[in-house]
Amino acid sequence: MQVKDKFFIIDFDSTITQVEALDELAAISLKDNPKKAEILKEIKKITDLGMEGKIPIKESIYRRVKMLNANKSHIEQLIKTLQKKITPSFLRNRHFFQSNLSRIFIISNGFTEIILPVVKKFGLSEKNVFANDFIFDERGNITGFDESNTLANENGKTEMLKSLNLDGDIYVIGDGYTDYKLSETGLVTKFFAFTENVEREIVTEKADHVIPSFDEFLYISKLPMSISYPKNRIKILLLENIHPDAIALFKKEGFSIETAAKSLDENELIEKIKNVSILGIRSKTEITKKVLENAHRLMAIGAFCIGTNQIDMNECTKKGIVAFNAPYSNTRSVVELVVGEIIMLIRNIFDKSGKMHDGIWDKSAKNSLEIRGKNIGIIGYGNIGAQLSVLAESLGMNVCYYDIVEKLALGNAKKCRTLQELLKKSDIVTVHVDGNPRNRDLIGHKEFRMMKDGVIFINLSRGFVVDIKSLASSIKSGKVKGAAIDVFPYEPKSNSEEFTSELRGLPNVILTPHIGGSTEEAQQNIGNFVAQKLIDFINTGSSYSSVNFPNIQLPQLQNAHRLMHIHENVPGVLSSINGILAKNSINIVGQHLKTNERIGYLITDVSKQYDNKVIEELKKVPNTIKFRVLY
């Protein structure tokens, strides 16, 4: 049976380029017009009406050209702009154009003078580009367009396609009404609604396929791609109001994203996670073994916070799922809140403010103290504890700290040999330990008894660190003069759930809803940091800064395929893999291996020429956990 030729009809505006050319030309030509914003808004409205088939195409072109006030010099500027706004998925698949030059046709309701200089970047010749033509006066000003051109008229694309008389399968890719109308003629094999730049329901509902990128078109058409897998098929689930900057980064990469404002319980998450490749959470979502057993496609978890104790990290590692967090991104925010709360509590400001709101004027210096000269005891001298140490000392406080790990003292801070020593000497006790289970009930009835009478107590670390009943009892007895608590053994799963605690209503107690790191700056930093780490892992295989993987920082992949092999840390795996590559005469361009006590992470860059059966062979190497190919 004779194989039919394949021909590709591609739109230009909002398809090959990310924008509508006439809209951009208007923005350039109307630069100094005082009514620019108003005119641009009207032009965009007319563009949309035409693209949605709500007004005839000739009317859409006529009305917009009339408002342009443009000339040839503006077109030259526009071309430079458009060359920088070529749709990324087309740009990275330039090889497709070079391999199919005689079978690719640009059919557009746009203008030849704009389109030709841009598509020449792909090697397309003038004879394969069909579009409208401007009419210029002797000074180069645009005065109109050639209304006799087939593409200036209704069904122009259909007539143009008929005139090409193509003998074979015809695939149309576009984003507008005139593109999908081609599929109704019977001339077209398949119509693909292109949505990477703009999505129109009237177009997508009529399409044979909706393609969020040109990679997706190549993938489903089984044509060679520049990347190993379309990113729009990589699903990301983001819970608990992850910062918009993270969402924007993922969108720019072309991933499929689903978001939820709250955390999900185990059963909800099990249902949601089945087809998820990347999961983003904050502190409330519990990633249990049962959840991970149902996460068949999960490659990476991003904890958009400091702690990772809400994640079953052993199970993640066992399944080859990498985890990233943001250990430094909200440090400053937490420290600033601690300093503010110390001052508020030691001056008894919180209660005085409450009285004022009740109309009580209680002007008195009693129980109102300075922080200068006071002893602050910091339990946990990590990133937050150490930075608090520096700020507290700059405010005139005497700093002592306790940590089970040997840490270098900053400034004049003094290390305490035991927790008991710190508790006995401190006027203010503040807790900044990690989520290690051994820290559970670190501060209870016995520890409060050791503290000075009238101590200020602060916990912005983990809810399970402090026995809340003991703290409440110590506040009522006067042992603790004031307390600030930001984390609790149980926290509401959403803002609509009532918060309950023995600490409610107690004097000189500041209660905050786990917002120590919740500043706009911190959340933005976290959003950018964690999202970028996840993107780097997907794009390059880099595990640098991960919580549970051996840390490998990788160069950009160039002219090679990258084989990423996650395996149990047992002898012989590297030898087996290299043996398979050698047996199949595959050249190794570069290789990186790191291990921890559980797993090995092997990155091998190889030359592009190899039989795909090698991939199947590598997947079957004993003790393999996960394997993927990147190019």
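Show the residue pairs meeting these rules: Cβ distance below 9 Å; 6+ apart or different chains; first residue within region 509-529 and under 24 Å from Ile456 (Cβ atoms) and acidic (Asp, Glu); second residue modelled with pLDDT under 95 and surrounded by fewer than 15 Cβ atoms within 10 Å (Cβ to Cβ). Nothing qualifies. Does Lys424 satisfy being part of a helix (DSSP H, G or I) and free of Cβ contacts under 8 Å to residues at least 12 places away in the same chain? Considered against the rule, which asks whether it is part of a helix (DSSP H, G or I) and free of Cβ contacts under 8 Å to residues at least 12 places away in the same chain, Lys424 comes out as no. Here Leu506 clears all of (1) touching a residue at least 12 places away in the same chain (Cβ under 8 Å); (2) under 21 Å from Val589 (Cβ atoms); (3) surrounded by fewer than 21 Cβ atoms within 10 Å (Cβ to Cβ); (4) not aromatic (Phe, Trp, Tyr) except the condition numbered (2). Only a single item in (1) over 34 Å from the mean Cα position of the chain (by Cα); (2) in contact (Cβ under 8 Å) with a residue 40 or more places away in the chain is not met by Thr112, and it is number (2). When residues in region 75-86 are screened for being over 10 Å from Ala21 (Cα atoms) and in contact (Cβ under 8 Å) with a residue 60 or more places away in the chain, 2 of them pass.
One residue alone among Ile510, Ile526, Ile535 is of a type in the set (A, V, I, L, M) and either farther than 28 Å from Leu249 by Cβ or in a loop (DSSP other than H, G, I, E, B) (or both), and that residue is Ile510.
Do we have Glu20 as touching a residue at least 12 places away in the same chain (Cβ under 8 Å), within 21 Å of Ala131 (Cα to Cα), of a type outside the set (Val, Ile, Thr) and in the same structural domain as Arg200 (by TED's automatic domain parsing) here?
Yes.
Checking Lys407, Lys481, Lys452 one by one, the residue that is in a loop (DSSP other than H, G, I, E, B) and surrounded by 18 or more Cβ atoms within 10 Å (Cβ to Cβ) is Lys452 and no other. Please determine whether any residue of region 113-126 is of a type in the set (Val, Ile, Thr) and over 30 Å from Met67 (Cα atoms). The answer is no; no qualifying residue exists. Would it be correct to say that Asp441 is surrounded by 13 or more Cβ atoms within 10 Å (Cβ to Cβ) and outside any helix (DSSP H, G or I)? For Asp441, the condition - surrounded by 13 or more Cβ atoms within 10 Å (Cβ to Cβ) and outside any helix (DSSP H, G or I) - is met.
Only a single item in (1) surrounded by 15 or more Cβ atoms within 10 Å (Cβ to Cβ); (2) assigned by TED's automatic domain parsing to the domain that holds Lys452; (3) farther than 29 Å from Glu447 by Cα is not met by Phe529, and it is number (2).
In the set (1) within 22 Å of Ser461 (Cα to Cα); (2) part of a helix (DSSP H, G or I); (3) aliphatic (A, V, I, L, M), the condition left unmet by Met356 is number (1). The residues of region 479-504 that are small (Gly, Ala, Ser), modelled with pLDDT under 95 and farther than 20 Å from Gly307 by Cβ amount to a single one, Ser496.
Residues are listed down the side, and each one gets a yes or a no for (1) out of contact with any Ser or Thr (no Cβ under 9 Å at 6 or more places or on another chain); (2) at pLDDT 95 or above:
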position	(1), (2)
Ser263	no, no
Ala295	yes, yes
Met299	no, yes
Cys305	no, no
Thr308	yes, no
Asn325	no, yes
Tyr328	yes, no
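In the set (1) assigned to a loop (DSSP other than H, G, I, E, B); (2) touching a Gly at 6+ places or on another chain (Cβ under 7 Å); (3) surrounded by fewer than 19 Cβ atoms within 10 Å (Cβ to Cβ), Leu554 fails one condition alone, (3).
Here Phe537 does not qualify as buried (at least 17 other Cβ atoms within 10 Å of the Cβ), over 19 Å from Leu238 (Cα atoms), aromatic (Phe, Trp, Tyr) and touching a Ser or Thr at 6+ places or on another chain (Cβ under 7 Å). Whenever a residue of region 395-407 is under 14 Å from Leu422 (Cβ atoms) and not assigned by TED's automatic domain parsing to the domain that holds Ile342, it has no partner that is surrounded by 12 or more Cβ atoms within 10 Å (Cβ to Cβ) and of a type in the set (Asp, Glu) lying with C-beta atoms less than 9 angstrom away and at least six residues away or across chains. The single condition among (1) outside any loop (DSSP other than H, G, I, E, B); (2) at pLDDT 95 or above that Gly590 does not meet is (2).
Applying the set (1) part of a loop (DSSP other than H, G, I, E, B); (2) modelled with pLDDT of 95 or more; (3) in contact with a Leu (Cβ under 8 Å, 6 or more places away or on another chain); (4) buried (at least 22 other Cβ atoms within 10 Å of the Cβ) to Phe549 leaves exactly one unmet item: (3).
With the structure loaded, tell me whether Phe12 is over 16 Å from Ala131 (Cβ atoms), at pLDDT 95 or above, surrounded by 15 or more Cβ atoms within 10 Å (Cβ to Cβ) and out of contact with any Cys (no Cβ under 7 Å at 6 or more places or on another chain) or whether it fails that test.
Numbers: over 16 Å from Ala131 (Cβ atoms): no; at pLDDT 95 or above: yes; surrounded by 15 or more Cβ atoms within 10 Å (Cβ to Cβ): yes; out of contact with any Cys (no Cβ under 7 Å at 6 or more places or on another chain): yes.
When the stated conditions are applied, Phe12 does not pass them.
Can you work out which of the residues in region 178-203 that are closer than 21 Å to Phe250 by Cβ and out of contact with any Pro (no Cβ under 7 Å at 6 or more places or on another chain) is surrounded by the most Cβ atoms within 10 Å (Cβ to Cβ)? The qualifying residue surrounded by the most Cβ atoms within 10 Å (Cβ to Cβ) is Phe194. Considering Asn584, Asn596, the condition of being touching a Phe, Trp or Tyr at 6+ places or on another chain (Cβ under 7 Å), surrounded by fewer than 15 Cβ atoms within 10 Å (Cβ to Cβ) and not charged (D, E, K, R) is satisfied by Asn584 alone. Condition check for Leu124 on (1) part of a loop (DSSP other than H, G, I, E, B); (2) in contact with a strand residue (DSSP E or B) (Cβ under 6 Å, 6 or more places away or on another chain): one failure, at (2). Within region 364-388, the set of residues being small (Gly, Ala, Ser), surrounded by fewer than 24 Cβ atoms within 10 Å (Cβ to Cβ) and within 15 Å of Glu336 (Cβ to Cβ) comprises just one member, Ala386.
With respect to being hydrophobic (A, V, I, L, M, F, W, C) and at pLDDT 95 or above, Ile281 fits the description. Scanning region 104-160 for residues that are under 16 Å from Lys181 (Cβ atoms), of a type in the set (A, V, I, L, M) and buried (at least 20 other Cβ atoms within 10 Å of the Cβ) turns up Ile107, Leu151.
The values are calculated or read from the model by the stated rules, or taken from the named source; none is laboratory data. Every value quoted in this text rests on a predicted model; they were computed, and no experiment measured them. Note: ideal-geometry Cβ built from the backbone for every residue, glycine included; neighbour counts use all protein chains shown.
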